[in-house]
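Let me begin by presenting the structure, written as structure tokens, before commenting on it.
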Amino acid sequence: MSVASEGFLGRRLLSIRNRISLVTDPVGLRKLRRKEIRILLQLGNLTAAGDICGKLVSDNPSWAPGYSIMADLACHSGKWEEGERLFERAAGEHEAAGNSEAAQRLRTGPLYRLAEARGDHEKCLSLCTGTGDLNSVLKARSERQREITDSTLPEETHDQLAGRLLSLESAWRGTKQSELLQTAVEWSNTEPEWRWRFIVESMAIWERNGLDLDGWKKPVRSTACPVLDPRFHTEWRNYFNDR
């Protein structure tokens, strides 16, 4: 991080802390604390971020976002099992609060990827039993990884992430392989963990088919870290060691 960027974040942190000192509303205070934690993460101060988040969760034991933040902190530190446990807790608290949509986002996001990284494809299947295109695509993905050959894919989707993963699943099945590189190039650093899985698997498909991988240098090198996936660092090193 440049000195200028660090200075900017430091000034933002000071401003937020000044605002925190004036706020008494619990909801408003939690929002500001989340911003404070986010900046501390950007500055690499995991200990301070963890202390603040731990106090927030202690004071608000049913606050689902607090468990998600703690899970992110655990993953930043490479504590993947703890992160998975905390994401499970966050999903459960969301369900208890009637926010099933937020719970499902965790199940089809970090919880799915962490289970997949462990090779627990049965768990992956159990996480995508809901409705919607993303659930359908992830179900087909899990079945492919379990070598179930008669799984079906949705014909189309209007959900951007589901559409990208659908094109990847289609490519694994032998179609739309030519579209993969363009999709990766156009994919900004939103959903960085899914973006990385798309890149790694697309390259594997191209390599299997004897295609030139030079075009993949751009999306690989434009990957913004951290990518909170247990497989990332090994895959990243392997890519550069092979080239």
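The values are calculated or read from the model by the stated rules, or taken from the named source; none is laboratory data. Fair warning: this is a prediction, and the values are worked out from it, not measured in the lab. All Cβ positions, even for glycine, are placed from backbone atoms using ideal geometry, and neighbour counts span all protein chains on display.
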Exercise. Has segment 76-93 got at least one residue that is at pLDDT below 95 and crowded, with 16+ Cβ neighbours inside 10 Å?
Worked result: yes
For this session: Could you figure out which of (1) surrounded by 14 or more Cβ atoms within 10 Å (Cβ to Cβ); (2) out of contact with any helix residue (DSSP H, G or I) (no Cβ under 7 Å at 6 or more places or on another chain) isn't true of Thr175?
Result: (1)
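Determine whether Leu46 is within 26 Å of Ala224 (Cα to Cα) and either aromatic (Phe, Trp, Tyr) or surrounded by fewer than 17 Cβ atoms within 10 Å (Cβ to Cβ) (or both). Write out each step before concluding.
Details: within 26 Å of Ala224 (Cα to Cα): yes; either aromatic (Phe, Trp, Tyr) or surrounded by fewer than 17 Cβ atoms within 10 Å (Cβ to Cβ) (or both): yes.
Yes, satisfied.
Name every residue in segment 180-209 that is among the hydrophobic types (A, V, I, L, M, F, W, C) and either more than 18 Å from Gln160 (Cα to Cα) or in contact with a strand residue (DSSP E or B) (Cβ under 7 Å, 6 or more places away or on another chain) (or both), in order of residue number. Reasoning before the result, please.
Just the residues of segment 180-209 that are among the hydrophobic types (A, V, I, L, M, F, W, C), to begin with: 180-181, 184-185, 187, 194, 196, 198-200, 203-206.
Those that are among the hydrophobic types (A, V, I, L, M, F, W, C) and either more than 18 Å from Gln160 (Cα to Cα) or in contact with a strand residue (DSSP E or B) (Cβ under 7 Å, 6 or more places away or on another chain) (or both): Val200, Met203, Ala204, Ile205, Trp206.
For the condition touching a Pro at 6+ places or on another chain (Cβ under 8 Å) and either assigned by TED's automatic domain parsing to the domain that holds His121 or surrounded by 15 or more Cβ atoms within 10 Å (Cβ to Cβ) (or both), what is the one hit in Val200, Val185?
Details: Val200 fails: touching a Pro at 6+ places or on another chain (Cβ under 8 Å).
It is Val185.
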Seminar exercise, completed: Looking across segment 106-133 at residues that are at pLDDT below 95, within 15 Å of Ala162 (Cβ to Cβ) and out of contact with any Pro (no Cβ under 9 Å at 6 or more places or on another chain), the single one that is surrounded by the fewest Cβ atoms within 10 Å (Cβ to Cβ) is Thr131
Problem set entry | Qualifying residues in segment 203-220 (those that are under 22 Å from Ala117 (Cα atoms) and charged (D, E, K, R)) - the one surrounded by the most Cβ atoms within 10 Å (Cβ to Cβ) | Glu207
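Quick one: count up the residues across segment 90-106 that are under 16 Å from Glu193 (Cα atoms) and in contact (Cβ under 8 Å) with a residue 12 or more places away in the chain. Can you show your working first?
Taking segment 90-106 first, the residues under 16 Å from Glu193 (Cα atoms) are 105-106.
From what's left, in contact (Cβ under 8 Å) with a residue 12 or more places away in the chain: 106.
Summing the residues that are under 16 Å from Glu193 (Cα atoms) and in contact (Cβ under 8 Å) with a residue 12 or more places away in the chain in segment 90-106 gives 1.
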Exercise. Restricting attention to segment 133-157, and to residues there that are out of contact with any Asp or Glu (no Cβ under 6 Å at 6 or more places or on another chain) and assigned to a loop (DSSP other than H, G, I, E, B), which single residue is nearest to Arg118 (Cα to Cα)?
Worked result: Arg146
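Would you confirm whether any residue within segment 66-75 is in the same structural domain as Ile16 (by TED's automatic domain parsing), exposed (fewer than 15 other Cβ atoms within 10 Å of the Cβ) and modelled with pLDDT of 90 or more? Steps first, answer last, please.
Of segment 66-75, the ones in the same structural domain as Ile16 (by TED's automatic domain parsing) are 66-75.
Within this subset, residues satisfying the condition of being exposed (fewer than 15 other Cβ atoms within 10 Å of the Cβ) are none.
There is no residue in segment 66-75 that is in the same structural domain as Ile16 (by TED's automatic domain parsing), exposed (fewer than 15 other Cβ atoms within 10 Å of the Cβ) and modelled with pLDDT of 90 or more.
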